[in-house]
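Note sheet for the following structure.
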Amino acid sequence: MGQFEKYSHDVLIVGGGGAGLRAAIAVAEADPNLNVAVISKVYPMRSHTVAAEGGAAAVIKQDDSMDLHAYDTISGGDWMCDQDAVEAFVREATEEMIQLEHWGCPWSREDNGSIAVRPFGGMKIKRTWFASDKTGFHMLHTLYQTSLKYDPIQRYDEWYVTQLIVEEGKCQGVIAIELATGDIQAIAAKSVIITTGGCGKVFPFTTNANIKTGDGMALAYRAGVPLKDMEFIQYHPTGLPFSGILITEAARAEGGHLVNKDGYRYLQDYDLGTPQPEPVLRSMELGPRDRLSQAFIKEAEKGKALEGEYGHYVNLDIRHLGEKKINSKLPFVRELCLKYENIDPVKEMIPVRPVVHYMMGGIHTDINGATTLPGLYAAGETACVSINGANRLGSNSLTELLVFGARAGKSAAENAKKQAAPKIDHLGYAVAERKRLNDQYLDTKKGDEKLSVIRKEMHKTMEEGAGIYRTEDSLKKSQKVITELRERFKKVSIEDHSLAFNTELIAAIELSNMLEIADTIIHSALNRKESRGSHQRTDYKERDDKKFLAHSLAYSTGEGSPKIDYLPVTITKWPPGERVYGK
């Protein structure tokens with residue numbers, strides 16, 4: 001078992017990215033006497049927040065307003081957003097961004113010294129703050145450095161949480177592996193906040209880092225918390241074809257063009273909700289991400305896309321912006337193209353295709369980050385509050401990390417102050433988890449199934465059956481495959497039976513998590529018999545507000561398929577209407 005200790009905290013945050021660090025700071029500010037810890041499977045500065053490039057949305061200019069930001073968000077989400085959450089979000093977004101400025105985030109500036117903003121997809125007004133094209137990098141650095149000021153914040157770097165501890169009907173801690181040693185410990189906590197990010201690695205082509213395997217979603221799901229709106233998966237229209245590396249929306253915000261194999265700006269042929277002919281040519285590349293990704297599929301079906309080693313692609317052309325502007329506003333884009341595609345976007349066009357980018361769905365929470373399990377909270381992409389609805393607008397997610405990370409931190413702190421210290425059996429939990437992992441993964445008598453084979457088959461069926469366009473037949477085929485893969489996973493064999501840095505064991509647990517998440521995505525998509533935002537059913541082409549203006553809730557039933565229920569969308573003052581952009 002290794003060295004045994006009785007770890008215990010008032011608030012424990014699982015995940016060290018933007019939402020987790022903001023939550024930790026909020027706890028420390030709410031009550032400096034609270035003991036707060038952040039546990040993360042990677043060093044916090046390697047969290048995926050660092051990869052965000054384009055910017056973060058918040059009202060700052062005189063021609064903007066909270067209502068305009070709210071309406072763009074709600075209409076962009078195809079009226080699947082909870083409007084009370086959106087109103088809180090836009091109201092607190094500016095405060096959070098200014099706070100980040102005071103903590104040292106180097107926002108880009110206009111010549112007069114004011115905050116610079118750029119346009120972003122689905123936003124009718126420029127409201128996206130940015131720090132060159134390394135916004136997430138600078139935000140994460142700022143949050144991390146700020147967190148170091150607070151003595152109550154402790155860290156478990158490179159620890160991996162495998163289970164939540166649920167006793168007496170509430171969450172009272174976690175069980176985790178220290179990766180460096182393989183040591184397993186139970187960590188008690190009065191409040192637990194999950195901030196582990198999304199699950200893009202369920203799909204083969206994604207902008208997401210390899211760490212984005214849905215761990216937090218799976219932890220909550222197995223503990224009885226429903227996953228909300230899991231059918232809504234956002235494809236970003238501009239990822240590099242092989243690696244999935246993101247070419248930020250900022251490249252189009254600065255004036256980049258998407259062109260087909262004939263060099264034609266094909267988006268002018270598609271309904272992006274920009275009815276006026278002249279503005280279409282200016283803003284069509286900044287239509288919502290779901291519609292741009294759908295237009296790509298249609299263009300490929302017409303034979304107008306290019307064909308490469310990794311499938312169809314189109315070109316993103318920023319050559320006309322000139323070297324000076326590219327180096328000033330898009331230096332990271334140029335760096336990525338040079339390093340990963342061996343092309344210089346100053347002189348050559350960039351090959352791009354839609355790749356999975358973001359999960360609108362996640363752990364069901366209320367407006368303060370609380371889940372249905374007392375003592376458990378969630379924030380960031382792993383959570384669904386829901387401000388993103390059926391399609392997240394670009395640049396809302398980084399601000400969401402701040403707003404709802406802070407809200408979850410404050411709520412968890414208040415809960416912790418009311419609770420007695422958990423009296424869990426630390427040793428008992430650790431011994432039981434060691435036995436479970438030995439029995440499930442480390443027993444040499446297991447079957448001969450390989451992680452890589454199961455992962456590859458999961459990727460293939462999710463892309464084919466639950467991708468940009470879906471049908472009942474495609475989803476049912478994927479459902480059958482995922483069910484079979486979950487059975488085959490029980491016979492998986494791993495070769496490394498050591499304790500220290502057993503990355504194969506972690507990969508196995510991650511794949512187990514992804515298979516469960518994949519199951520919830522498919523069943524939620526099968527049950528939603530309409531097309532809305534990123535969920536496009538070619539057998540149900542219209543949006544159906546009468547039956548489906550409601551959030552899906554996927555509940556675990558153990559090893560079987562999830563149970564799907566529905567929860568009405570909260571409408572405050574914007575009744576459902578047509579999605580319109582560019583007006």
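Counting only residues 5 or more places away or on other chains, whose amide H sits under 5 Å from the amide H of residue 155 once H atoms are built in the peptide plane?
The list, which skips near neighbours in sequence, is 38.
Between residue 33 and residue 464, what length comes free when the chain is fully extended (0.36 nm per residue of separation minus the Cα-Cα distance, one decimal in nm)?
Additional length available on full extension: 150.0 nm.
Taking Cα centroids, how far is region 472-512 from region 301-325 in Å?
After rounding, the separation between the Cα centres reads 35 Å.
Taking square-rooted eigenvalues a ≥ b ≥ c of the alpha carbon gyration tensor, is region 402-521 rounded, prolate or oblate, where a/c under 1.5 means rounded and, failing that, a/b exceeding b/c means prolate?
oblate
Take the Cβ-Cβ distance between residue 457 and residue 559 as r, set R0 to 25 Å, and report the resulting FRET efficiency rounded to the nearest 0.05.
0.85
Which of these values of Rg and Dmax of the Cα atoms in Å was calculated from the structure shown: (i) 22.9, 69; (ii) 25.7, 92; (iii) 26.4, 111?
(i)
For a test of the definition: using alpha carbon positions, the gyration tensor, and the 1.5 limit on a/c, classify region 200-347 as rounded, prolate or oblate.
Cα axes put region 200-347 in the prolate bin.
Hey, what angle do you get for helix 18-30 against the long axis of the chain, alpha-carbon based, 0 to 90 degrees rounded to 10?
That helix lies at roughly 60 degrees to the long axis.
For the chain, what relative contact order do you get, as a whole percent, if you take Cα pairs closer than 8 Å and at least 6 residues apart? Don't jump to the answer; show the numbers that get you there.
Values: 1363 pairs, mean separation 132.2, N = 583.
Taking the mean separation of contacting Cα pairs over the length of the chain, I get 23 percent.
Give the peptides 523-533, 375-385 in descending order of average Cβ contacts within 10 Å, highest first.
Ranked from most to least packed, the peptides come out as 375-385, 523-533.
Which order do 299, 495 take when ranked by solvent-accessible area (1.4 Å probe, heavy atoms of all protein chains), largest first? Don't skip to the end; give the middle numbers.
On the way: 299 5, 495 145 Å².
From most exposed to least exposed: 495, 299.
Please give the length that would be gained between residue 149 and residue 545 if that part of the chain were fully extended, namely 0.36 nm times their separation in residues minus their C-alpha to C-alpha distance (nm, one decimal).
137.7 nm
Check which residues have an amide H placed less than 5 Å from residue 166's amide H, if you skip close sequence neighbours.
Counting only residues 5 or more places away or on other chains, the set is 172.
Quick check: pseudo-label points 7 Å beyond the Cα along Cα→Cβ at residue 310 and residue 495, how many nm apart are they?
That separation, rounded to one decimal, is 2.6 nm.
Accessible area of region 237-381 with a 1.4 Å probe: how many percent of it is carbon plus sulfur? Numbers along the way, then the final one.
Working: 2890 of 5680 Å².
C and S atoms contribute 51 percent here.
Given R₀ = 41 Å, FRET efficiency for residue 343-residue 484 by Cβ-Cβ distance, to 0.05?
Numbers: r = 41 Å, r/R0 = 0.99.
According to the calculation, E is roughly 0.50.
Got a sec? What order do 265, 537 fall in by accessible area at 1.4 Å, biggest, i.e. largest, first?
Reading off the accessible areas and sorting them downward yields 265, 537.
After finding the eigenvalues of the alpha carbon gyration tensor for region 1-103, what semi-axes result from the square roots of 5 times each, listed largest first in whole Å?
One finds semi-axes of 33, 16, 15 Å for region 1-103.
What does the extension gain come out to for residue 450 and residue 372, with contour length at 0.36 nm per residue minus their alpha carbon separation?
24.5 nm
In whole Hz, with x marking every Gly and Pro, tabulate ³J(HN,Hα) for region 183-192 from phi via Karplus 6.51 cos²θ - 1.76 cosθ + 1.60, θ = phi - 60°.
Result, rounded to whole Hz: 5, 10, 9, 8, 10, 7, 7, 6, 9, 10.
Given the protein chains as shown and a 1.4 Å probe, how many square angstrom of residue 66 are accessible, to the nearest 10?
Accessible surface of residue 66 is approximately 80 Å².
May I ask what percent, to the nearest 5, of DSSP beta bridges between residues of the chain are antiparallel?
65 percent
Ignoring ligands, DNA and RNA, what percent of the accessible area of region 27-142 is carbon or sulfur (1.4 Å)?
49 percent
Sticking with the crude label model, points 7 Å out along Cα→Cβ, report the distance from residue 262 to residue 335 in nm, one decimal please.
3.9 nm
Would you mind getting the accessible area per residue of region 11-133, heavy atoms of the protein chains only, 1.4 Å probe, in Å²?
Result: 31 Å² per residue.
Ignoring ligands, DNA and RNA, what percent of the accessible area of region 474-552 is carbon or sulfur (1.4 Å)?
Numbers: 1750 of 3330 Å².
Answer for region 474-552: carbon and sulfur cover 53 percent of the accessible area.
Tilt of helix 396-418 relative to the longest C-alpha principal axis of the chain, in degrees (0 to 90, nearest 10)?
30 degrees
Once R0 is set to 41 Å, what does the formula 1/(1 + (r/R0)^6) return for the Cβ-Cβ distance between residue 570 and residue 320, expressed as a FRET efficiency to the nearest 0.05?
0.40
Please turn the phi angles of region 158-173 into ³J(HN,Hα) values with the Karplus equation 6.51 cos²θ - 1.76 cosθ + 1.60 (θ = phi - 60°), one per residue in order, whole Hz, x for glycine and proline.
Whole-Hz 3J(HN,Hα) from phi for region 158-173: 6, 10, 10, 7, 10, 8, 8, 9, 10, 9, 6, x, 9, 6, 10, x.
Hey, can you find the accessible area per residue of region 330-387 for me, probe 1.4 Å, expressed in square angstrom?
On the way: 1740 Å² over 58 residues.
It amounts to 30 Å² per residue over region 330-387.
Would you pull out the residues with amide H under 5 Å of residue 365's amide H, same chain only if 5 or more places away, H placed 1.01 Å from N?
384
7 Å from Cα along Cα→Cβ at both residue 101 and residue 529: what's the point-to-point distance in nm?
5.1 nm
Could you state the number of Å between the C-alpha centres of region 335-363 and region 211-242?
Using only Cα atoms, the two centres lie 20 Å from each other.
At 222 nm, what value in deg cm²/dmol follows for the chain if DSSP H runs of at least 4 each add -39500 (n - 2.57) and the sum is divided by all its residues, to the nearest 500?
For the chain, the value works out to -11000 deg cm²/dmol.
Tally the DSSP beta bridges in region 30-170 and give the antiparallel ones as a percent, rounded to 5.
Working: 6 of 11 bridges.
Beta bridges within region 30-170, antiparallel portion: roughly 55 percent.
Whole-Hz Karplus ³J(HN,Hα) for region 119-134, in order, using 6.51 cos²θ - 1.76 cosθ + 1.60 and θ = phi - 60°, x for Gly and Pro?
Working through the residues one at a time gives x, 9, x, x, 8, 7, 10, 5, 9, 8, 5, 8, 10, 6, 10, 10 Hz.
Over region 72-169, calculate the relative contact order: mean separation of alpha carbon pairs under 8 Å at least 6 apart, over the residue count, as a percent. Numbers along the way, then the final one.
Numbers: 61 pairs, mean separation 19.7, N = 98.
Relative contact order comes out at 20 percent.
Please work out whether region 307-437 counts as rounded, prolate or oblate from its C-alpha gyration tensor, where a ≥ b ≥ c are the square roots of the eigenvalues and a/c under 1.5 means rounded, while otherwise a/b larger than b/c means prolate and anything else oblate?
Numbers: a/c = 2.95, a/b = 2.17, b/c = 1.36.
Taking the square roots of the gyration eigenvalues as a ≥ b ≥ c, region 307-437 is prolate.
If one takes the longest principal axis of the Cα atoms in the chain, at what angle in degrees, from 0 to 90 and to the nearest 10, does the Cα axis of helix 289-301 lie?
Compared with the principal axis, the helix lies near 70 degrees.
If you count, for each residue, the other Cβ atoms within 10 Å and average over each peptide, how do 315-326, 71-82 line up from highest to lowest?
Descending mean neighbour count gives 71-82, 315-326.
Could you work out the Kirkwood radius for region 90-220, taking every pair of different alpha carbons, averaging 1/r and inverting it, reported in Å?
Radius from the Kirkwood sum: 18.2 Å.
The values are calculated or read from the model by the stated rules, or taken from the named source; none is laboratory data. This is a predicted model, so every value here is computed, not measured. With ideal geometry, Cβ positions are generated from the backbone for all residues, glycine too; neighbour counts draw on all protein chains shown. Just the protein is used for accessible areas: all its heavy atoms, side chains included, with ligands, DNA and RNA removed. Shrake-Rupley method; radii C 1.70, N 1.55, O 1.52, S 1.80 Å.
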